Amino acid sequence: MIVVTGSSGHLGEALIRVLRERDRPVRGLDIVASPFTDIIGSITDADVVARFMDGATAVIHAATLHKPHVATHSRQQFVDTNITGTLALLEAAVRVNVGAFLYTSTTSTFGDALVAPPGEPATWITEDVVPIPKNIYGVTKVAAEDLCALAHRNQRLPCLVLRTSRFFPEADDEPAQRVAFASDNLKANEFLYRRADIEDIVDAHLVALDAAPRLGFGRYIISATTPFDRTDGAALRHDAPAVVRARVPGWEDVYRSHDWRMTPSIDRVYDNARARADLGWRPRHDFAAVIARLRETGDIRSPLAKAIGAKGYH
């Protein structure tokens, strides 16, 4: 039995949908009722966790307070959900001897390590970059990652951390970006360097379930495969459209037909090479695929993304 926390959320629903389609036994937990949630309750409630974990063979822990909750929730609530809740699940996973524990983290953990000073090349982000969290969200996610590492080291729990980049369909949380770009225009741009489609996020989790016993522990960036390489860093910072023109021909006509524009500068690039190599993950939705889908259907979303739609963070 695969158990999934946060089953009423974007990723949780996507995971439950796909696992059910593949006839794999799955149980969902969330504080919000939905067709994809079997147990309604909190990961901070010991009785709920015990009932949820009974008979579990693998755990996908996707429940979390997100960055937008910083404005609406206390720091203590972040600690309770993101740290204490994760610890409760890890301890229960050890007790029932699960074969794999996946923790859904975020590239937001990198925080202030993401952006180089003005005039410097775009930052190339791999798993070797040391996080510098800049808010309670990032701090609690890093702490939860470390609890996963500890559970592997001390209790030999096979545990992988997947640092996902942006995949939510909601409007950008930065007002300046919402003014500067239409929502889908901004998201399409981000597939070049900081976004992934929900189908690829799900695929990464499912291959990670199989890889966890072999790998033991690891942290992995889960983002669309970028067309750039490290040599593009300086040019991306001062003339991103020229680099995209060279790396992904054919996007300009499609953008023009939608009255879209490319971002003038890119300040960081997420590199998913380690996840592809270690997990055997094969992401399908890069910028070129998004452009092809936009040309064919007028929509940047995959079928799964369209089925789930927008939920809002709260």
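The values are calculated or read from the model by the stated rules, or taken from the named source; none is laboratory data. Every value quoted in this text rests on a predicted model; they were computed, and no experiment measured them. When we count neighbours, we look across all protein chains shown, and the Cβ atoms used for this are built from the backbone with ideal geometry, even at glycine.
Observations
- Candidates in the stretch 101-145 are the residues that are small (Gly, Ala, Ser) and part of a loop (DSSP other than H, G, I, E, B); of these, the one that is farthest from the chain's Cα centre (by Cα) is Gly119.
- Check on Pro264, part of a loop (DSSP other than H, G, I, E, B), without any contact (Cβ under 8 Å) to a residue 24 or more places away in the chain and over 15 Å from Phe167 (Cβ atoms): no
- Applying the condition of being assigned to a helix (DSSP H, G or I) and of a type in the set (Val, Ile, Thr) to the stretch 63-89 and asking which residue is nearest to Asn154 (Cα to Cα) yields Thr86.
- Residues of the stretch 305-314 satisfying the condition of being loosely packed, with under 15 Cβ neighbours inside 10 Å and in a helix (DSSP H, G or I): Lys306, Ala307
- Search result, residues across the stretch 94-119 that are in contact with a helix residue (DSSP H, G or I) (Cβ under 7 Å, 6 or more places away or on another chain) and at negative phi: Val94, Val96, Gly99, Ala100, Phe101, Leu102, Tyr103, Thr104, Ser105, Thr106, Ser108, Thr109
- The sole residue among Leu160, Leu192, Leu150, Leu206 that is among the hydrophobic types (A, V, I, L, M, F, W, C) and in contact with a strand residue (DSSP E or B) (Cβ under 6 Å, 6 or more places away or on another chain) is Leu160.
- Scanning the stretch 158-199 for residues that are buried (at least 24 other Cβ atoms within 10 Å of the Cβ) and over 22 Å from Thr123 (Cβ atoms) turns up Cys159, Leu160, Asp197, Ile198.
- Top-ranked residue in the stretch 265-304 [being within 30 Å of Pro117 (Cβ to Cβ) and touching a strand residue (DSSP E or B) at 6+ places or on another chain (Cβ under 8 Å); ranked as surrounded by the most Cβ atoms within 10 Å (Cβ to Cβ)]: Tyr270
- For the stretch 45-75, a residue qualifies if it is among the polar types (S, T, N, Q), surrounded by fewer than 21 Cβ atoms within 10 Å (Cβ to Cβ) and modelled with pLDDT under 95, and the qualifying residues are Thr72, Ser74.
- Residue within the stretch 47-56 that is touching a Cys at 6+ places or on another chain (Cβ under 9 Å) and of a type in the set (Phe, Trp, Tyr) present: no
- Counted residues, the stretch 216-260 - those being farther than 18 Å from Ile300 by Cβ, in contact with a helix residue (DSSP H, G or I) (Cβ under 6 Å, 6 or more places away or on another chain) and in a helix (DSSP H, G or I): 4
- Identity of the residue in the stretch 209-247, of a type in the set (Ser, Thr, Tyr) and touching a strand residue (DSSP E or B) at 6+ places or on another chain (Cβ under 6 Å), that ends up farthest from Pro131 (Cα to Cα): Thr226
- Scanning the stretch 290-304 for residues that are without any contact (Cβ under 8 Å) to a residue 60 or more places away in the chain and assigned to a helix (DSSP H, G or I) gives Ala292, Arg293, Arg295, Glu296, Thr297.
- The residue pairs whose first member lies in the stretch 128-146 and is of a type in the set (D, E, K, R), whose second member is part of a loop (DSSP other than H, G, I, E, B), and whose beta carbons are closer than 6 Å, counting only pairs six or more residues apart or on different chains, are Lys134/Asp112.
- Count - residues of the stretch 134-144 that are surrounded by fewer than 20 Cβ atoms within 10 Å (Cβ to Cβ) and either of a type in the set (S, T, N, Q) or under 17 Å from Arg194 (Cβ atoms) (or both): 2
- Candidates Ala289, Ala307, Ala273: the one that is over 21 Å from His10 (Cβ atoms) and out of contact with any Pro (no Cβ under 8 Å at 6 or more places or on another chain) is Ala273.
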